[in-house]
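First comes the structure, then the notes that go with it.
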Amino acid sequence: MSAPLLNPAESEEHQALRRAVGDLARRYGPEYFRRKARAGEPVDELWAEAGKAGYLGVSLPVEYGGGGAGITELSIVLEEFGAAGCPLLMMIVSPAICGTVIARYGTEQQKQTWLPGLADGSRRMAFGITEPDAGSNSHRLTTTARRDGQDWLLTGRKVFISGIDHADAVLFVARTEDARTGRLKPVLFVVPRETPGFEYRAIPMELVTAEKQFQVFLDDVRLPAEALVGAEDAGLEQLFAGLNPERVMTAAFALGLARQALATATDYARTRTVWDAPIGAHQAIAHPLAQCAIEIELARLMMLNAAQLYDQGHDVAAGEAANMAKYAAAEAACHTVDQAVHTLGGNGLTQEYGLAALLTATRVSRIAPVSREMILNYVAQHTLGLPRSY
Ligand SMILES: Cc1cc2nc3c(=O)[nH]c(=O)nc-3n(C[C@H](O)[C@H](O)[C@H](O)COP(=O)(O)OP(=O)(O)OC[C@H]3O[C@@H](n4cnc5c(N)ncnc54)[C@H](O)[C@@H]3O)c2cc1C
């Protein structure tokens, strides 16, 4: 379990936030988290306490019960929870994507209905964009919203949607009937979980996490006009208001896991002795761990840069930086967990140390919300100006 990583160049407030979140998370700790995850139970007590302390809503507007800070602070919270063994995946979705989109584009009524609850943790929202036949290519989304008088009717399928069973509603991405093909012009709807025609089924996953993933079936789900978030014809901008924080937060999630794994491995390497000296005295063990520490730090700096760009309103630059930071964090996390497992030998695969569970958890950050290859495609095309390859 990793102590808060304090950097004297960071503001007093940020250091204090890291310490306070770390203190709360360590009271629960990785054993609590793994026990809940293995039992398939949500970490409701932790979520509620984090909400009450203001951590879940730190980036949401003060007038709706939030802390009035930014994605920088929210990413600090998630990173420290993960480093202390409590990676709260739903923070990526509920406050970071859904909270941000509603705060920026929601109606006054939507803000009042949702933001206070998302901020204090009493309500949760899931986010559904991925579809079975679209995958990485969001322009192939087929979930369609058509008007029926004042109402909307939503029909389609989604896959891998996290945490629906403990969410009050899902923010779904669809397209309107008159924009059914071609480049995606997304429309966003808040759909309460119990709405008739909305069904979901858990997907068996090889993950030790508190959240399950679901297939979703939307069959002429009738929604009032007020379910639409933002403008019908706003294009991609309002979707990316949520997707850039999602990438920053996925980086924070990955880096929290990486720090947890690195701390476990270094503690072990300091004391485990099978010849004359602890195994950490062998460079074959020490150097790869040192390399992981450097990779984690590189990715953290990239993540903080992306978060600050986003918070300062540089949306285009934040998009590029968030993609790069997510890539770097996922690679650092996958490498670190692999090395940590190896450092512990057989104990790397025991439930007692919990490292093997992180092998799949960190792979999630390489796949979602946008895969390693799609980020490389993006950087090749947009950063380097190379021809689009697909
Ligand atoms: C644990 C977990 C939780 C998730 N939670 C959510 C959620 O809450 N909400 C949600 O909407 N989604 C969620 N997702 C879905 C996630 O965002 C998708 O899995 C991801 O976008 C990749 O889509 P896909 O799985 O369909 O892969 P595919 O698009 O089928 O890609 C498969 C492979 O092909 C590669 N590939 C595809 N196209 C190209 C190309 N042009 N060039 C090079 N390589 C390419 C990809 O990089 C990948 O390696 C979750 C996924 C997981 C695993």
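Structure data summary
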item	result
Scope the range 336-375; condition among the polar types (S, T, N, Q), away from the ligand (no atom under 16 Å from the Cβ) and surrounded by 14 or more Cβ atoms within 10 Å (Cβ to Cβ); matching residues	336, 339, 343, 347
Residue that is in contact with a Ser or Thr (Cβ under 9 Å, 6 or more places away or on another chain), aromatic (Phe, Trp, Tyr) and part of a helix (DSSP H, G or I), where the choices are 310, 327	310
Residues being within 16 Å of the ligand (Cβ to nearest atom) and outside any loop (DSSP other than H, G, I, E, B) - total across the range 48-97	10
So residue 82, is it without any contact (Cβ under 8 Å) to a residue 12 or more places away in the chain and either among the aromatic types (Phe, Trp, Tyr) or outside the structural domain of residue 264 (by TED's automatic domain parsing) (or both)	no
Criterion: part of a strand (DSSP E or B), away from the ligand (no atom under 15 Å from the Cβ) and in contact with a strand residue (DSSP E or B) (Cβ under 6 Å, 6 or more places away or on another chain) - qualifying residue of 174, 145, 126	145
Qualifying residue in the range 210-233 (condition: within 16 Å of the ligand (Cβ to nearest atom) and either within 13 Å of the chain's Cα centre (by Cα) or of a type in the set (Gly, Ala, Ser) (or both))	yes
The listed residue being in a strand (DSSP E or B), touching a Lys or Arg at 6+ places or on another chain (Cβ under 9 Å) and β-branched (Val, Ile, Thr), out of 191, 187, 208	187
Test: residue 153 is aliphatic (A, V, I, L, M), away from the ligand (no atom under 14 Å from the Cβ) and either within 16 Å of the chain's Cα centre (by Cα) or surrounded by fewer than 23 Cβ atoms within 10 Å (Cβ to Cβ) (or both)	yes
Number of the exception - residue 378 against (1) at pLDDT 95 or above; (2) in a loop (DSSP other than H, G, I, E, B); (3) within 11 Å of the ligand (Cβ to nearest atom)	(2)
Pick from the range 189-209, criterion more than 12 Å from the ligand (Cβ to nearest atom) and in contact with a helix residue (DSSP H, G or I) (Cβ under 7 Å, 6 or more places away or on another chain), ranking: nearest to residue 46 (Cα to Cα)	193
Checking residue 115 against (1) within 16 Å of the ligand (Cβ to nearest atom); (2) buried (at least 21 other Cβ atoms within 10 Å of the Cβ), the condition it does not meet	(1)
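The values are calculated or read from the model by the stated rules, or taken from the named source; none is laboratory data. Note that the coordinates shown come from a computational prediction; the quantities given were computed from them, not determined experimentally. Cβ sites come from the backbone with ideal geometry, for glycine too, and all protein chains shown count toward neighbours.
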